[in-house]
Each structure stands twice: as C-alpha cells, then as structure tokens.
Amino acid sequence: MYHLCPLEMKFICLTLLIISGITGSRSEQYKLEGSADPVFAVAGEDVILPCSVKPSISVVDMRVEWFRSDQKDLLVHLYDDHEDKNTEQIQTYRGRTKLNHQELQRGNASLKLSSVQIFDEGLYKCFIQSKSWNNDTTVNVKVEAVGRPPVITVDGFDHSGGLHLQCESEGWYPEPDLEWLDSEGVSLNSETTETHGNTEGFSVKRAITLHHSDKIHCRVKLRHHMLETLIISSSNMFISWRTPVILISVFVVLSMIAGILIAVFVHKNKVSRLRTYMVNVILDADTAHRRLIVYCDGKQVKLVKAHRKESDRNETQKERFNAYHGALGKDGFSSGCFYFEVQVKGQTEWDLGVTRESVNRKGSISLSPGDGYWAVGLKNGKYWAHESPRVSLSMSVISQRVGVFVDYEKGLITFYDVESMSLMYSFTNQSFDKKLYPFVSLGYLKNENFTPLIICDDY
Ligand SMILES: *[C@@H]1O[C@H](CO)[C@@H](O)[C@H](O)[C@H]1NC(C)=O
Ligand SMILES: *[C@@H]1O[C@H](CO)[C@@H](O)[C@H](O)[C@H]1NC(C)=O
C-alpha cells in the first residue's frame, strides 16, 4: 500500500489532462465549424468567413490555413508558429486578410476579408492542424455588387402613339432582375431584358411602351438589394401628336445648353491663355491726330468735332497722324509674345493692330504690312483685314472687343473677337526687325461717331 503525496497527484492529473486533451482517441470530438449556408458579402465592404473549433479550445499553437478550394488551393491566409506568414499568399488578397489573434485563444479562426471584390466569390477552406489533430471546413462566399440607380430614358412616341421608355442600370453582380411595375407594384408587360457582363459586373436594360398616363417604377433587384426609379407621365403627354415635337425640342434645348457650356469653358480657357501675355498699353497723345483726345491716363481715345489748336510748340510734328485719326501706344515690343484688347463697342469706323515705329503717319496710308501696319478694321458695316489689297472678313457677330496677339519671333499677328473668342484674322510669316507699337484709329477724315475706343484692362 502506498500513498500519493499531493504534489505527485497534481503531476499525474496534469499528465492525464494532456493525454486526454486533443490527442488519442478523444480527438474526434473536436471539429471545425464554418457556415452551412453561403456567406453573403457586399462588394466594397468587409466580410467575416467563420471557422471555429468546437468544443472551444485554443488554436494559438496550431497552424491555421485559409485557401481557395475552388482555385487550385491557392493560399489566402496562413498562420503558423504563432504568426501570420503571408509570403505565399495570392496577390489579390494582399493586405486584405486578417486573423484575430485574441480570438484564436477561444478557438475562433474566422478570417476577416476587407474591401470585397467580385472575384472574391467562391469556396474557401479553413484548415487547422496541430501535431496530433487536424480538421477543415468549407465556407461558400457569395458576393453581391449593388449597381447604380436605374436611369430612365424617354425615347419618344412610336407610330401607334405609345410612349417608349427605356430603363438602364449598371454595375451589378450577379445578374439582377429588372422589372417595370405599375403604381400598385404589379409587374408590367415589357420587352425582354438585355444584359451585358464584364469584370465591372452586369448592366441591364429593358424597354417598355406606355399607352396611357401612369406612375410607373423601374426596379432592379438582387437577393438583398433593390434600387428603383419612378417616372410619372401625365395625361397631357398622350393628348396630342404635337407632343413629340415638344419633347424633342426640350432635349434639343438641353443639349444646346450643354454645348454652350462646353463652348464657354473652351472660350474661357483660350482667353485666359492669351491674357497671360497681356501688356499695359498706354496711348501716346503726341502721336494722336488733332481731332482725337486721349484721356483716362492714355486708356481711351475719342474724336472731337473741331481740330485742337496747334499750341504745343515742343511737339514733334512729324510724329502725329494727320489724315487717319490714329494714335500709337507709348511702348513698343521687340521680342516674345504680347496681347492687348480694345473695346470697339458702339464705334462704326475703326482700325487697330500694330505698327512699326518708323512708319509714315501722314496722309492717306494703306495700313498694309508693306507700309508697316498689321491691322483690321470696320468701315461701312464691313470688317476688313488690311492686306494689300484689303480682305473682307466674314464675321458672324458684331465685335464689341478685339484682342490682338503678337508672337514677335514667329512673325504672327492674330486678331480675335473676344466675346466669342473667334479668330478674325491672322497675319502669318511676317518678319520684324524693329519695335512694334500698338495702333488704334478712328477712321479717316469724315467719321462723326464720337464713341471712344477703350484699351481694356478690366478682365
Ligand atoms: C470570431 O471572431 C470574429 C472576429 O475575427 C468575430 O466577428 C466572430 O463573432 C467570432 N466568432 C465567434 C463564434 O465567436
Ligand atoms: C473533420 O471533422 C469531421 C467531424 O468530426 C469529420 O467528419 C471530418 O472527416 C474531419 N475532416 C478531416 C479532414 O479530418
């Protein structure tokens, strides 16, 4: 007869416990539990793929492996030797899988998969292994992508007077159901659904013809998700055959507005590009014809009835225009690009552009490049480019403001109508060797329009 001391008892008990743990014949009582039903995941969101040992026992010391059993057992996540080991993981899962290490102590090896994609759909196997035991379970993941709200297009009337509507929605996965329903939710007879699928999911399209006014829905539905768009067609639509014309004109107006918006955008861009070359033009009163007054710090010039008296003895007579009502800018430019705008609004006779400093300003000048002028103008209601001979310009608008752009090195002088940013005229392949000066003129001899020309700095 012998006695066991308490310490020996403890030792034996511990040994028995380890033996009867999950080894030997009793290991069969442990098994993995996943999910009998498919696990639904929504594209873009996170999902937990369940996997737990039952009865609960820590799996911290075991190997936990998640892989795609439907894709050659490619590795999705591996935990081994107490850490995640994801060097062999499939690229598409990189950074998107997580095992909760706390939960592993409770036998929970569920995998969290973040920002679910359509291609995540499939079969996943959770496999857990210790030295003496292993088991697995399969989780079936179903992905759903909710598409964009359906868009209804009014296609107009068919020959029998029916209103043709089309409903379209894209970005769904898997293929959704599209239905036209009346206000009571009863499915309406409509054409068959057209479906297109690609890696972004499915897009569906279905048309219906309405013969009377109604409040109808287009509904796109997928297992747990549904999107609807309502359209109300009033009885007015069906009264008269003129309606299609009205409808069509509404669309035409809408698309015209879109066109104008785009044009305005393009216009703004072009103007602001040119305006980066804007120079400060100040008109030189000493060059101005005696019927002109230059005012507002050299920013405006206008005709007056009577010639000014020849009082300034200092002034150099040869510089002044004596037939053309012209004036030059104070500063000339001999390199790079420059741009300026002149408001011509309300004036019926004008010429403007650039000129060489040394040009003749006396008598009736041809204002052509041969004489050192590069200019456009308005006379007798017609726009002209002062080539020799002069060229008539066909302008669709009355120009309120003219922009002059010069690229000195390229020998380019371009005139724009600023409001519409349409090209008026370009002098190309010119060659300059001297400074070019801004030039404005209020016609010749008999002009009686006293509206000023204004150098514009207000943009
Ligand atoms: C297992 O852990 C996950 C978190 O990783 C948790 O969401 C889930 O509820 C846990 N399952 C059980 C059965 O405790
Ligand atoms: C996992 O456990 C279940 C239930 O005990 C068993 O039917 C199945 O064969 C086991 N799987 C493996 C791979 O051992």
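Points 7 angstrom from Cα along the Cβ direction at Lys142 and Ser364: gap in nanometres?
Distance between label points: 9.2 nm.
Straight-line reach only, C-alpha to C-alpha below 22 angstrom: list the lysines that Lys215 could link to, leaving out same-chain residues fewer than 8 apart.
Partners within reach: Lys205.
Amide H of Phe40: which non-local residues (sequence gap of 5 or more, or other chain) have their own amide H closer than 5 Å, using H built in the peptide plane?
Lys142
Could you give the nm distance between label points at Thr92 and Asn429, where each point is 7 Å from its Cα heading toward the beta carbon?
6.1
Tell me the net charge near Thr153. Cut-off is 10 Å between Cβ atoms, Thr153 excluded, with +1 for each Lys or Arg and -1 for each Asp or Glu.
Every neighbour counted, the sum reads -1.
If amide hydrogens are placed 1.01 Å from N in the peptide plane, which non-local residues have theirs closer than 5 Å to the one on Asp214?
Counting only residues 5 or more places away or on other chains, the set is Ser233.
Mind checking which aspartates and glutamates have their C-alpha under 13 Å from Lys305, skipping anything on the same chain fewer than 8 residues away?
Straight-line reach from Lys305, under 13 Å: Glu448.
Can you tally the net charge around Lys435? Count Lys and Arg as +1, Asp and Glu as -1, for every other residue whose Cβ sits under 9 Å from the Cβ of Lys435.
Within the 9 Å Cβ shell, the charges total 0.
Could you go through segment 434-440 in sequence order and give the Karplus-derived ³J(HN,Hα) for each residue, using 6.51 cos²θ - 1.76 cosθ + 1.60 with θ = phi - 60°, rounded to whole Hz, and x for Gly and Pro?
Result, rounded to whole Hz: 10, 4, 9, 10, x, 9, 10.
Read the figures in this text as sums done on the coordinates, not as results from a lab. Quick caveat, the model's predicted, so the values are computed rather than measured. We place every Cβ from the backbone using ideal geometry, glycine too, and count neighbours over all the protein chains shown.
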